[in-house]
Ligand SMILES: [Fe+2]
């Protein structure tokens with residue numbers, strides 16, 4: 001039986017190598033004044049972007065440029081929104097990694113409003129965002145966060161009272177996403193690995209989520225099979241465009257599934273650890289992926305085996321092992337072993353390298369949200385998980 005479910009909208013999606021070249025044609029009936037937000041090294045890394053911008057200027061568009069070089073803070077969003085609010089921009093384009101796309105998403109949603117974005121952040125502000133924004137096009141240059149298809153932007157304030165919180169409204173989904181895997185060609189191996197592990201985590205967590213539905217399940221399994229066949233290849237052979245394309249597709253799917261089904265405990269850690277310490281999001285996800293899933297699996301194996309999560313881990317085991325006919329426990333244990341070995345092969349960093357020590361773990365566990373994880377854990381178990389990845 002198919003239970004009740006809902007889906008939020010996706011952007012208009014243009015996917016495939018070379019699709020960036022379609023951008024000028026898509027803007028014909030749009031406002032002539034455009035804000036372009038990029039990463040600090042975007043023009044150097046992706047020569048195609050400069051050519052497209054020149055073409056837009058020749059066609060009469062007025063372009064304004066801003067750059068960001070880190071995960072966006074509320075102050076950074078306020079700075080950019082205050083600077084461009086009075087210019088009556090017709091459009092905002094963000095070209096870069098997840099942080100750049102999140103910056104674009106948050107700025108587009110603050111341009112029509114006054115005040116600070118802090119006021120609208122989940123768990124920080126008291127106001128509800130009205131869901132209005134400047135038209136926004138997301139063009140990712142990494143395969144990871146899936147932000148090009150999600151309804152939230154993650155903003156970070158790091159430090160002793162740090163936090164990572166979302167600005168969220170279903171209308172904040174970008175109007176258009178141009179996912180051109182050519183733009184990921186020069187992404188270095190370590191960033192390809194950590195971003196890819198972020199996408200993998202998002203797919204697995206939304207698949208296992210207590211809020212999953214039949215459509216997100218189908219898309220998540222499709223994405224996981226692409227991660228399985230493409231992630232290691234894309235890390236080892238960055239020029240392999242078939243692998244790059246598979247990874248970009250998986251990341252896009254992960255954005256759609258997480259926007260609809262939510263995430264699990266690993267992303268709970270991503271918020272708590274990432275708020276207190278300067279650790280890249282993909283590294284936190286990648287480093288916690290094995291241990292959290294092993295704890296999930298151990299807890300499920302103690303139960304009677306009838307839960308939905310138990311069956312889903314079995315399906316994951318079949319997909320990742322390419323076998324059938326084993327017993328359920330074998331498949332669950334295969335998933336945990338597979339993840340540990342992948343993390344090892346991709347050389348995902350441990351948390352200790354980022355200044356986190358045993359004395360910090362209580363504080364991290366205290367503020368870690370279980371999110372839509374299929375198993376609930378006590379604080380001591382969260383500390384145990386973190387300890388394994390110090
Ligand atoms: Fe993520």
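Is it the case that residue 254 is assigned to a strand (DSSP E or B), under 13 Å from the mean Cα position of the chain (by Cα), touching a residue at least 12 places away in the same chain (Cβ under 8 Å) and within 15 Å of the ligand (Cβ to nearest atom)? Show your work before the answer.
Values: assigned to a strand (DSSP E or B): no; under 13 Å from the mean Cα position of the chain (by Cα): yes; touching a residue at least 12 places away in the same chain (Cβ under 8 Å): yes; within 15 Å of the ligand (Cβ to nearest atom): yes.
Judged against the criteria, residue 254 is not a match.
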Can you work out which of the residues in region 42-56 that are under 23 Å from the mean Cα position of the chain (by Cα) and touching a residue at least 12 places away in the same chain (Cβ under 8 Å) is surrounded by the fewest Cβ atoms within 10 Å (Cβ to Cβ)?
-> 45
Which numbered condition residue 390 misses (of (1) closer than 27 Å to residue 262 by Cβ; (2) surrounded by 12 or more Cβ atoms within 10 Å (Cβ to Cβ)) = (1)
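Restricting to region 125-150, count the residues that are farther than 17 Å from residue 95 by Cα and either touching a helix residue (DSSP H, G or I) at 6+ places or on another chain (Cβ under 6 Å) or at pLDDT below 95 (or both). First the steps, then the outcome.
Step one: of region 125-150, the residues farther than 17 Å from residue 95 by Cα are 125-133.
After this cut, where a residue has to be either touching a helix residue (DSSP H, G or I) at 6+ places or on another chain (Cβ under 6 Å) or at pLDDT below 95 (or both) as well, the list is 125, 127, 129, 131, 133.
So the count comes out to 5.
Can you say whether residue 103 is within 15 Å of the ligand (Cβ to nearest atom) and either modelled with pLDDT of 95 or more or closer than 30 Å to residue 364 by Cβ (or both), as far as the supplied structure shows?
Details: within 15 Å of the ligand (Cβ to nearest atom): no; either modelled with pLDDT of 95 or more or closer than 30 Å to residue 364 by Cβ (or both): yes.
No: the conditions fail for residue 103.
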Residues in region 262-281 that are in a helix (DSSP H, G or I) and within 13 Å of the ligand (Cβ to nearest atom) total 10
Screening 343, 367 for residues that are under 22 Å from the mean Cα position of the chain (by Cα) and crowded, with 20+ Cβ neighbours inside 10 Å leaves only 343
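To keep it simple, each residue is scored yes or no on (1) modelled with pLDDT of 95 or more; (2) within 19 Å of residue 134 (Cβ to Cβ).
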| site | (1), (2) |
| --- | --- |
| 28 | no, yes |
| 34 | yes, yes |
| 45 | no, no |
| 62 | yes, yes |
| 71 | no, no |
| 77 | yes, yes |
Residues of region 218-251 being within 16 Å of the ligand (Cβ to nearest atom) and touching a strand residue (DSSP E or B) at 6+ places or on another chain (Cβ under 9 Å), which ones?
-> 248, 251
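Determine whether residue 332 is assigned to a helix (DSSP H, G or I), more than 16 Å from the ligand (Cβ to nearest atom) and touching a helix residue (DSSP H, G or I) at 6+ places or on another chain (Cβ under 7 Å). Walk me through how you get there before you give the answer.
Numbers: assigned to a helix (DSSP H, G or I): yes; more than 16 Å from the ligand (Cβ to nearest atom): yes; touching a helix residue (DSSP H, G or I) at 6+ places or on another chain (Cβ under 7 Å): yes.
So residue 332 fits the description; yes.
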Given the structure, is residue 148 within 16 Å of the ligand (Cβ to nearest atom) and assigned to a helix (DSSP H, G or I)?
-> yes
Taking region 176-197 only, how many residues are within 15 Å of the ligand (Cβ to nearest atom) and farther than 15 Å from residue 249 by Cβ?
-> 4
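The values are calculated or read from the model by the stated rules, or taken from the named source; none is laboratory data. Every value quoted in this text rests on a predicted model; they were computed, and no experiment measured them. Positions of Cβ are backbone-derived with ideal geometry, glycine not excepted, and every protein chain shown enters the neighbour counts.
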